[in-house]
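Structure record follows, encoded as structure tokens.
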Amino acid sequence: IEATVAVIFDDDAILSEDYIFDRQTLTDAGISAPIAWLSFSTNDATSAVVVQATVDAISASFPTSDVFTADEFKDSISGSVDQLLTMINVMVALAVIIALIGIANTLALSVFERTRELGLLRAVGMTRTQLRRMVRFEAALVALFGAALGVAIGIGFGWGVVSALPSPFDSSFAVPVNRIIILVVISGVAGVLAAVLPARRAGKLNVLNAIAQ
């Protein structure tokens, strides 16, 4: 295809191709180019009758197409993004469940490996309640450290993604502080809940048997 360069664009945020040709050029070259989407804009002086007639003409030419106003198109895009975010949230929830299981297993192994140490703590005066509280506190520290690390990495990746977005996108970097605080608190509480069984096992240790182990 021999064509004359008419315009050069720097940002292809919407267009996915590097080179744009009109349909007549492609038709002359024997290429059948399907229309993925078609848009048009009107000024404030255009009457509603003219707009409706234009929409009817386009709909008649493409009977299987869906017609959206600008706001409806934004809503459809927002709906797709919301579905993607829902899938991501589900995967995050599964990751949290796996993390809680990991915390519980780690604490159970820690209690088993520190049986002699825990027995000595009981021998020098630590009560069962204090021992269980110590194990739960360790779980809360692990969960909060993981949550803080995840928040820091997530903020870094979020800033990178927003910075990489093309200029036509109306994007700004914002940190949802309240939501992050709530999630960190929930992480700490979840860590404590995951430590219930290991803490109970630690509290039931026999002092003499634990020291002798």
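The values are calculated or read from the model by the stated rules, or taken from the named source; none is laboratory data. Only a predicted model underlies this, so the values are computations on that prediction, with no experimental measurement involved. Counting neighbours? That spans all protein chains shown, and the Cβs are built from the backbone with ideal geometry, glycine included. Quick note on the areas: whole protein, heavy atoms, side chains included, nothing else; ligands and nucleic acids left out. Shrake-Rupley method; radii C 1.70, N 1.55, O 1.52, S 1.80 Å.
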Worksheet entry | Segment residue 179-residue 148, extension gain: residue separation times 0.36 nm, minus the distance between their alpha carbons | 9.8 nm
Practice prompt. Give me the orientation-averaged projected area of the Cα convex hull of the chain, in nm², one decimal.
Written response: 20.6
Discussion item. Helix 128-164 against the longest principal axis of the chain: what's the angle in degrees, Cα atoms only, rounded to the nearest 10?
Written reply: 20
Worksheet item: In segment 108-213, carbon and sulfur make up what percent of the accessible area (probe 1.4 Å)?
Response: 69
Discussion item. I'd like to check one number: the per residue accessible area of segment 1-151, probe 1.4 Å, reported in Å² as a whole number.
Written reply: 79
Worksheet item: Hey, rough spin-label estimate for residue 43 and residue 31, points 7 angstrom out along Cα→Cβ, what's it come to in nanometres?
Response: 3.4
Worksheet item: Taking only Cα atoms, what is the 0 to 90° angle, nearest 10, from helix 177-194's long axis to the longest principal axis of the chain?
Response: 40
Practice prompt. Enter the angle in degrees (range 0 to 90, nearest 10) between the Cα long axis of helix 70-113 and the first principal axis of the Cα atoms of the chain, meaning the one along which they spread out most.
Written response: 20
Worksheet, complete the sentence: Taking the dipole of segment 38-135 about the Cα centre (Lys, Arg +1; Asp, Glu -1; charges at Cβ), the one of 127, 79, 50 that reaches farthest to the positive side is 127
Practice prompt. Keeping all protein chains in position, work out how much accessible area residue 65 exposes to a 1.4 Å probe, and write it in Å² to the nearest 10.
Written response: 50
Worksheet item: At residue 74 and residue 164, where each label point lies 7 Å from the Cα along Cα→Cβ, what is the point-to-point distance in nanometres?
Response: 2.6
